[in-house]
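Quick notes on the structure that follows.
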Amino acid sequence: ADVKIDATLKKLATKQKEYKSKEKSVNKQSEIQRTLEDNIALQHGKKDEKQLEMRIKELQETASKLGNVKDLGEELKRREKVYNQLEMTKAEAAGQVKTHREMARNSEKELKSAEYKNIDSRLSKETIRFQTLEMVNNDLNRYYAALDKALMAFHSSKMGDINKVVKELWQRTYRGQDIDYIQICSDAEKQEGKSGGKSSYNYRVVMVCNGAELEMRGRCSAGQKVLACLIIRLALAETFCLNCGILALDEPTTNLDTPNAESLARSLIDIMHSRREQENFQLIVITHDVEFAHMLGQRQQADYYWRVTKDENQHSCVEREDIYE
């Protein structure tokens, strides 16, 4: 039994030695594994360190391009401010979009109502009507411009004819030497209105003395005024009233001296001669100047005149009298 125990103890001691040897081998392998892991971690760390160094270098280069930190902070604040403003604008726009969508929905509902039934065809008809009216209006404006131009040309032509007759009558009638002749001047003015410019004229009578024009207003005597009025009326009658057979003059010799009254009578006689062939021409002169009536009522012009008097009852009496009685 002791021999077996010894043998067992020897085996146990051998096993213990093997165990310790293997334990040492395992420990050694563990140390090698740790060393390898540490080497791997070291390599990874070096690689990460390189990458970080490169990143730092890139960031430093970027920072050097951007400027100092203070400038970057101010730029950041500015960009934040812009961002906040854009956010506010975005919110406002979103609210407007919501409002517009609501209005669009309401408009769609309104378009489906009976009031807007067949709105497309109605709009087409009204558009055609509007364009037609616009074309008509443009045509009327063109016609108006053409008519206005024609009227201005007619006015200029007639004013030339009137002034020609006025000049001839004045030089034939007036016996003074201070006025060569008179004429009517017209100043055209444009009055702006809805249908465009409308022409209006301001008329004034001027007297020509040695080539110089002066306004007669305030510069002529009463007789010159009366003679100018009569001559202008006669010129207007000659120009516009060729088909009108009646020419009436009421007290034409008022404020006229004898030479001018005689010249006026001769001018009226010339008019009667020129109108002799006109069947419906009739000259009516109302005057208290008997001599003027006798100058007009020559035998070849008239045989008698009508005298208007009042009787004892203040009743008007009209009597036919021979001019030379």
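Overview of results
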item: Set Lys28, Lys90: member being within 55 Å of the chain's Cα centre (by Cα) and surrounded by 10 or more Cβ atoms within 10 Å (Cβ to Cβ); result: Lys90
item: Failed item, numbered, when Glu168 is tested on (1) closer than 30 Å to Leu214 by Cβ; (2) among the charged types (D, E, K, R); (3) open to solvent by 100 Å² or more (accessible area, probe 1.4 Å); result: (3)
item: Those residues of region 250-287 which are part of a loop (DSSP other than H, G, I, E, B) and under 21 Å from Gln224 (Cβ atoms), in sequence order; result: Glu251, Pro252, Thr253, Thr254, Asn255, Leu256, Asp257, Thr287
item: Asp161 being in contact (Cβ under 8 Å) with a residue 12 or more places away in the chain and open to solvent by 60 Å² or more (accessible area, probe 1.4 Å); result: yes
item: Test: Lys158 is at pLDDT 90 or above, basic (Lys, Arg) and within 29 Å of Ala212 (Cα to Cα); result: no
item: Condition met for Val97 (at pLDDT 90 or above and open to solvent by less than 100 Å² (accessible area, probe 1.4 Å)); result: yes
item: Yes/no for Asp38 being of a type in the set (D, E, K, R), at negative phi and open to solvent by less than 90 Å² (accessible area, probe 1.4 Å); result: no
item: All positions within region 269-287 that are at pLDDT 85 or above and open to solvent by 50 Å² or more (accessible area, probe 1.4 Å); result: Ile286
item: First in region 201-224 and within 17 Å of Val166 (Cα to Cα), second anywhere and open to solvent by 70 Å² or more (accessible area, probe 1.4 Å) and in a loop (DSSP other than H, G, I, E, B), Cβ under 8 Å, 6 or more apart; result: Arg204/Arg217; Val205/Arg217; Met207/Arg219; Cys209/Asp178; Gly223/Asn255; Gly223/Asp257
item: Selection within region 128-156 - within 22 Å of Tyr201 (Cβ to Cβ) and open to solvent by 80 Å² or more (accessible area, probe 1.4 Å); result: Tyr143, Leu147, Lys149, Leu151, Phe154
item: Residue in region 180-192 that is under 26 Å from Cys220 (Cβ atoms), acidic (Asp, Glu) and surrounded by 12 or more Cβ atoms within 10 Å (Cβ to Cβ) present; result: yes
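Here's the yes/no breakdown for (1) at positive phi; (2) aliphatic (A, V, I, L, M); (3) out of contact with any helix residue (DSSP H, G or I) (no Cβ under 9 Å at 6 or more places or on another chain):
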residue: Gly73; (1), (2), (3): no, no, yes
residue: Lys77; (1), (2), (3): no, no, yes
residue: Lys81; (1), (2), (3): no, no, yes
residue: Asn84; (1), (2), (3): no, no, yes
residue: Glu102; (1), (2), (3): no, no, yes
residue: Asn106; (1), (2), (3): no, no, yes
residue: Ala114; (1), (2), (3): no, yes, yes
residue: Ile119; (1), (2), (3): no, yes, no
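The values are calculated or read from the model by the stated rules, or taken from the named source; none is laboratory data. Small disclaimer: the values here were computed from a predicted structure and weren't measured. Please note: Cβ atoms are built from the backbone with ideal geometry, for glycine as well, and neighbour counts cover all protein chains shown. For accessibility, only protein heavy atoms count, side chains too; no ligands or nucleic acids. Shrake-Rupley method; radii C 1.70, N 1.55, O 1.52, S 1.80 Å.
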